[in-house]
Amino acid sequence: VQLQASGGGLVQAGGSLRLSCLASGRTLGDYVTGWFRQGPGKEREFVALITAGGRTNYADSVKGRVTISRDNAKNTVYLQVNSLKPEDTAVYFCAASVYSFDSSPDQHRYRYWGQGTQVTVSS
């Protein structure tokens, strides 16, 4: 199973980005897929997830600014991030769980991880 995250970059505060997570070797629509991030000097933290049934869960810190979605035909999960803030600067990782309907943000439930994509927000 391989997950490839892309779409990061340098953006000004207030801007938007759409991150993509393309999977091979696993059908993302059958399992929970999550996005996590790790900022400079910080621990990795949960951002959002989508279950096999399409249920979503968001961290309080991004709720209202982030939308997670999935395109089953492309086997890709997206993370749309709007109104970016400097504190959103981080490496963003996508991860695939072994569960299908678990909406827990516990990152230990995720077995497969992508390599991460850097998001840098300038003030």
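Computed with every protein chain present, the accessible area of Ser83 is close to 60 Å² [probe 1.4 Å].
In this Cβ point-charge picture (+1 for Lys and Arg, -1 for Asp and Glu), the chain has a dipole of about 160 debye about its Cα centre.
Listed by chain and number, the lysines placed with their C-alpha closer than 16 angstrom to that of Lys63 are Lys85; residues fewer than eight positions away on the same chain are left out. Nonpolar atom fraction for the chain, defined as the carbon and sulfur part of the 1.4 Å probe accessible area, stands at 44 percent. Given the options Gly64, Gly25, Gly15, state which has the largest fluctuation in a GNM of the chain using a 10 Å cut-off (strictly under) for Cα springs. Among Gly64, Gly25, Gly15, the largest mean-square fluctuation in the Gaussian network model of the chain belongs to Gly25. Taking the average, over residues, of other Cβ atoms within 10 Å as the packing measure, peptides 107-119, 30-42 rank 30-42, 107-119 from highest down.
The values are calculated or read from the model by the stated rules, or taken from the named source; none is laboratory data. Everything numeric in this text was worked out from a predicted model, so none of it was measured. Cβ coordinates were reconstructed from backbone atoms using ideal geometry, including for glycine residues, and neighbour counts include every protein chain displayed. Ligands, DNA and RNA are excluded from the accessible area calculation, which covers all protein heavy atoms including side chains. Shrake-Rupley method; radii C 1.70, N 1.55, O 1.52, S 1.80 Å.
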